[in-house]
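Take a look at the structure below.
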C-alpha cells in the first residue's frame with residue numbers, strides 16, 4: 001500500500017509539474033509571437049529614424065552652405081561700398097553689383113529661415129520616433145527577463161515564479177502596445193537609467 005501511495009504522490013507531482021510546464025510553454029509562445037511583431041515595427045521605426053537623421057543633417061549642411069554664401073555676399077557688398085566711397089557712387093557697375101549682393105542677401109536670409117525650420121522639423125520627427133523606439137526597447141528587455149524567469153520556472157517547478165514573470169510580461173505587453181499604437185506612455189526615468 002505504501003508503494004501505491006508513493007506512486008500516486010509521484011504521479012500527482014508529475015501531473016502538477018506537467019501542467020505548470022504547459023503554462024510556461026504557452027506563455028513563451030505568446031510572448032515570442034508578440035516580440036516578433038513588435039520587432040518588425042521597431043526595425044521599421046529605426047529605419048525611419050536613420051532616414052530622418054540623415055535628412056536633418058543634409059538640411060543643416062544646406063543651411064550652413066547658405067550661411068556661407070550669405071556671409072560672402074555681405075563681404076562683397078562691403079567691398080562695393082568701399083569702392084563706391086573711393087571711386088564715387090555714380091559708377092554703374094558698382095551699383096549693379098551692390099543691387100546684386102543685396103538681392104542675394106535677402107534671398108539667402110529667406111532660404112536660411114526655411115531650411116532652419118525644415119531641419120528642426122526633421123529633428124522633432126526623429127525625437128518622436130525615438131520615443132516610440134524606447135517603448136519597443138523596454139518591451140523587448142522586459143520580455144527577455146520574463147522568458148528567463150519562465151525558463152527557470154520550467155527547470156525548478158517553482159509555482160510562484162510564473163506569477164512574477166507574468167507581471168513582468170504585463171508591463172512588457174503594455175510598453176509594446178504603447179509603441180504599436182503610438183501612445184504617450186514613456187517611463188522616462190527608467191529609460192534614462194538604461195541609456
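Since every read-out is calculated from the coordinates, none of them should be taken as a lab result. Because the structure is a prediction, the values reported are computed rather than measured. When we count neighbours, we look across all protein chains shown, and the Cβ atoms used for this are built from the backbone with ideal geometry, even at glycine.
Mean residue ellipticity at 222 nm from the helices of the chain, using -39,500 (n - 2.57) per DSSP H segment of n ≥ 4 over the full residue count, to the nearest 500 deg cm²/dmol?
About -34000 deg cm²/dmol.
Give the relative contact order (percent, whole number) for the chain; include only Cα pairs under 8 Å separated by 6+ residues.
Across the chain, relative contact order equals 28 percent.
If each of residue 17 and residue 117 carries a label point 7 Å out from its Cα toward its Cβ, how far apart are those two points in nm?
So the label points at residue 17 and residue 117 sit 7.0 nm apart.
Mind checking Rg over Rh on the stretch 2-194, alpha carbons, Kirkwood formula for Rh?
Rg/Rh: 1.46.
What is the order of 80, 163, fewest Cβ neighbours within 10 Å to most?
Fewest-to-most Cβ neighbours within 10 Å comes out as 163, 80.
Quick one: Cα centre-to-centre distance for the stretch 115-136 and the stretch 32-57, in angstrom?
Comparing the Cα centres of the stretch 115-136 and the stretch 32-57, I get a distance of 13 Å.
For the chain, find the longest principal axis of its Cα atoms and tell me its angle to the long axis of helix 161-181, 0 to 90°, nearest 10.
30
Arrange 57, 40, 24 by Cβ neighbour counts within 10 Å, fewest through most, would you?
40, 57, 24
Reported to two decimal places, what Rg/Rh ratio describes the stretch 110-195 when computed on Cα atoms with Rh from the Kirkwood expression?
We get a ratio of 1.25 for the stretch 110-195.
Using Cα centres only, tell me the gap between the stretch 67-86 and the stretch 145-194 in whole Å.
One Cα centre to the other: 64 Å.
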